[in-house]
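Read the structure below first, then the notes.
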Amino acid sequence: MLKPETVQTHFLHQDESLDHTFSILCWNVQKNTQAEAFSIYLHELEQRNDIDILMLQEAKTDLHYKLNLKGYSYILAPNIQTKKALFGVLTATKSHYHHHQSYISHVQELMFTTHKSILYTYHLLPNEEVLLAVNIHAINFVPSFYFERDLDRLFITANEHNGPLIIAGDFNSWNKRRMHYLRNLAKRLDLNFVDFDDTHHIKSLIHYKLDHILYRGLEATRAKAFDSGKLSDHNPLHVQFELKAYSI
């Protein structure tokens, strides 16, 4: 495996902006983005729910060919590169990308010698603000110090942003120390955790949830975790947001 040196982009919607109401789907897809079952399941979700922004972890694409996410532009920030494929966090949308940046962790996970990646994408809103969407797959299988260092690095970039902010992904927050540090990050950035009425579909380990969606400058009006069956060991989280000035 090689350390990735570039992101993969596919832009189709640079003339479109997000609406006053928009929704996101956050999901660790366990490398199944090229599977036919994934495409079918995602299409079924879209038939029942608007999905304006996809924030995927463990996405997979061919190294030299674009992923066929019908109707979406996307940016993939890889943490793994092989001779044929890229793997990483992927943010897809049907609207304009104002700007994007990414980085991979300094250290490698001890068991798999892989890095982890974080992707920042900036999206224009109709009230002339800019939404920052942070897609994270937090590092695992290392001492907690390295997990905390990556969150500190995330804080520096996110804290420079003055507009609405969403941070979503697989945080690997499976123990008390990691969860405490994540809650501390939320406090420092004035973020709220999205509350899900029914949480039994959200993956947990030792009673700690691994997947989270945090936000500020918006209203979360609807939130649901879906059952993806055997497609992944995680399940998709869907949240509808409204700009505060337009919420009822």
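Screening I156 on (1) in contact (Cβ under 8 Å) with a residue 12 or more places away in the chain; (2) among the β-branched types (V, I, T); (3) farther than 28 Å from K94 by Cβ shows it passes everything except condition (1). Restricting attention to the range 47-68 and to residues that are without any contact (Cβ under 8 Å) to a residue 40 or more places away in the chain and surrounded by 15 or more Cβ atoms within 10 Å (Cβ to Cβ), the residue that is nearest to the chain's Cα centre (by Cα) turns out to be L54.
Going by what's in this entry, would N235 be described as polar (S, T, N, Q), surrounded by 13 or more Cβ atoms within 10 Å (Cβ to Cβ), more than 19 Å from the chain's Cα centre (by Cα) and modelled with pLDDT of 95 or more? In short, no.
The set of residues from the range 91-141 being under 28 Å from M179 (Cβ atoms), among the aliphatic types (A, V, I, L, M) and out of contact with any Phe, Trp or Tyr (no Cβ under 8 Å at 6 or more places or on another chain) comprises I104, L119.
Could you list all residues from the range 10-27 that are outside any loop (DSSP other than H, G, I, E, B) and over 25 Å from L214 (Cβ atoms)?
Scanning the range 10-27 gives a single hit, H10.
Scan the range 135-146 and tell me whether some residue there is in contact (Cβ under 8 Å) with a residue 40 or more places away in the chain, in a strand (DSSP E or B), touching an Asp or Glu at 6+ places or on another chain (Cβ under 7 Å) and surrounded by 14 or more Cβ atoms within 10 Å (Cβ to Cβ). Within the range 135-146, one or more residues are in contact (Cβ under 8 Å) with a residue 40 or more places away in the chain, in a strand (DSSP E or B), touching an Asp or Glu at 6+ places or on another chain (Cβ under 7 Å) and surrounded by 14 or more Cβ atoms within 10 Å (Cβ to Cβ).
Every residue, every condition in (1) under 18 Å from the mean Cα position of the chain (by Cα); (2) hydrophobic (A, V, I, L, M, F, W, C); (3) buried (at least 21 other Cβ atoms within 10 Å of the Cβ), yes or no:
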residue	(1), (2), (3)
V7	yes, yes, no
D15	no, no, no
L25	yes, yes, yes
T33	yes, no, yes
L42	yes, yes, yes
L45	yes, yes, no
Q81	no, no, no
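Against the condition surrounded by fewer than 14 Cβ atoms within 10 Å (Cβ to Cβ) and within 24 Å of H20 (Cα to Cα), how does E160 come out, does it pass? Against the criterion (surrounded by fewer than 14 Cβ atoms within 10 Å (Cβ to Cβ) and within 24 Å of H20 (Cα to Cα)), E160 qualifies. In the range 115-134, the residues that are over 19 Å from I104 (Cβ atoms) and among the β-branched types (V, I, T) reach residues that are part of a strand (DSSP E or B) and modelled with pLDDT of 95 or more with C-beta atoms within less than 6 angstrom, at least six apart or across chains, in these pairs: V130/Y122.
The values are calculated or read from the model by the stated rules, or taken from the named source; none is laboratory data. What you are looking at is a predicted structure, and each value in this text was computed from that prediction instead of being measured. Reconstructed Cβ throughout: ideal geometry from the backbone, glycine too, with neighbour counts over all protein chains shown.
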